[in-house]
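Notes to accompany the following structure.
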Amino acid sequence: MKLTSRSVSRAALVSTVLTAVTLSAAALVATSANAATTLGASAAQSDRYFGTAVAAFKLSDSTYVGILNREFTMVTPENEMKIDATEPTQGQFSFGNADRIVNHARSQGMRVRGHTLAWHSQQPSWMQGMEGSALRSAILNHVTQVATYYKGKIYAWDVVNEAFEDGSSGARRNSNLQRTGNDWIEAAFRAARAADPGAKLCYNDYNTDDWTHAKTQAVYRMVQDFKSRGVPIDCVGFQSHFNPQSPVPSNYQTTLQNFANLGVDVQITELDIEGSGTTQASNYERVTKACLAVTRCNGITVWGIRDSDSWRASGTPLLFDGSGNKKPAYTAVLDALNSVGPTSTTTTTTTTTTTTTTTSSDPVPGGCTATTSVNQWNGGFVVTVRVTAGSTAIRSWTVTLALPSGTTVTGVWNVQRSGNQWSNVSYNGNVAAGQYTEFGFQGTGTAGTLSPTCTAA
């Protein structure tokens, strides 16, 4: 969440499934090659995205837009969705520049990460002077109004940004928002869920990459507490700004995995790595491979396109140079993404027919499949269920899922439940072919081994 003119105190911071019939060997080779030559397509092979931060005023730059449209599948507005941009006067909202980015992304088939709903920085002047209950009401209204306006258009929201102090204290940041009550973060997440139940809700921060750091541990404890109490949090964002003084930590993958083990997705949200040549390329490769090694790491967003677009331009921290040329770091990331390959089942073709056969774990045509991930602790659990459409789009779905005796469901989201039947709600019944939606629930007791089945219309 960088603004070039802003005083910065962070100098030390640092699938696609091949289902086409093989009508000819040439066609098969061409398809594979196309899928592996851009960041977005290569990330999609492992069901991930590769994104970038975008500034609205640069959408008139043809080189900038050319790289954006070719390489990326996720977009984060750099400053255009922050509080000062979207509510410059209390109660009067302005979405023009943010809409430019959202509309461009959607026209290109890209998704959007919303950034950010609640933050101690880049507040408009009217908010900076507020305290107590008045500020509490104002920030929750802001969360509600902005998330409602973009309902259905946002993949994930950075609901709360940078709420913890740096250093060894592990304390919350002493901001005007924190002074509205220690539960303000929880309240913001609940307001965001009510406004847009279909978006992933993330907590986002910097200097949380090293598992041993007090700040990392403090954020971890907050997420653990939220999950145990059913506070709606779906993901944690790691800004991951690195430089020689604050390099990629050796335990970076461990950090991502430990958060994922809580039952949340992890996303690398603002990646940039100062440096050049093979050293920079090696660091980008390490970060990319760390995400690929963690199943719940959804994807990577770099904070800008060309070095000249970066808030840290002098450190040349991005994948393209100022002229838009690919750097060694770009090649390192692309190769790392392609090293994983498709995560779906391998398709095979017989020598006597032109039809493709797949294993039964693939979604059936016109149907759906359901898979579960479980976060279990002593006395409770959270289950996330992913519903994936088959080879044609679906309009509605129902998952049959029985829980062990003695369990009690204490909360659900993105679903309506009737006994062992879990069905879509109004906003998540339509799922495109090969795409997915997710719902979840929390309970007491032990989830045990779950065996969901899915039917669709």
How do the strands (runs of 3 or more DSSP E) wholly within the stretch 36-119 filter down when requiring 2 or more residues that are touching a Phe, Trp or Tyr at 6+ places or on another chain (Cβ under 9 Å) and of a type in the set (D, E, K, R): which remain? 111-119
What about residue 322, is it surrounded by fewer than 17 Cβ atoms within 10 Å (Cβ to Cβ), assigned by the TED database to the domain that holds residue 250 and either small (Gly, Ala, Ser) or in a helix (DSSP H, G or I) (or both)? yes
Of all residues being in a loop (DSSP other than H, G, I, E, B) and of a type outside the set (A, V, I, L, M) in the stretch 411-429, which is nearest to residue 384 (Cα to Cα)? Just the residue, please. 414
Could you tell me how many of the residues in the stretch 179-225 are open to solvent by less than 10 Å² (accessible area, probe 1.4 Å), assigned to a helix (DSSP H, G or I) and farther than 25 Å from residue 149 by Cβ? 5
Exception for residue 102 within (1) in contact with a helix residue (DSSP H, G or I) (Cβ under 9 Å, 6 or more places away or on another chain); (2) crowded, with 20+ Cβ neighbours inside 10 Å falls at (1)
So, in the stretch 232-290, of the ones that are in contact with a Cys (Cβ under 8 Å, 6 or more places away or on another chain) and under 21 Å from residue 331 (Cβ atoms), which residue ends up surrounded by the fewest Cβ atoms within 10 Å (Cβ to Cβ)? 268
Could you please give the count of residues in the stretch 434-451 that are open to solvent by less than 60 Å² (accessible area, probe 1.4 Å) and not in a strand (DSSP E or B)? 5
May I ask you to verify whether residue 208 is within 19 Å of residue 297 (Cα to Cα) and among the hydroxyl-bearing types (Ser, Thr, Tyr)? yes
Among the residues of the stretch 163-176, is any of a type in the set (S, T, N, Q), open to solvent by less than 50 Å² (accessible area, probe 1.4 Å), at pLDDT 95 or above and more than 25 Å from residue 268 (Cβ to Cβ)? yes
Qualifying positions in the stretch 277-317 - in a loop (DSSP other than H, G, I, E, B), out of contact with any helix residue (DSSP H, G or I) (no Cβ under 8 Å at 6 or more places or on another chain) and either within 18 Å of residue 202 (Cβ to Cβ) or of a type in the set (Gly, Ala, Ser) (or both): 303, 304, 310
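The values are calculated or read from the model by the stated rules, or taken from the named source; none is laboratory data. Please read these numbers as outputs of a predicted model, since none were measured by experiment. Backbone-built Cβ (ideal geometry, glycine too); neighbour counts: all protein chains shown. Protein only, heavy atoms only, side chains kept; ligands, DNA and RNA dropped before computing areas. Shrake-Rupley method; radii C 1.70, N 1.55, O 1.52, S 1.80 Å.
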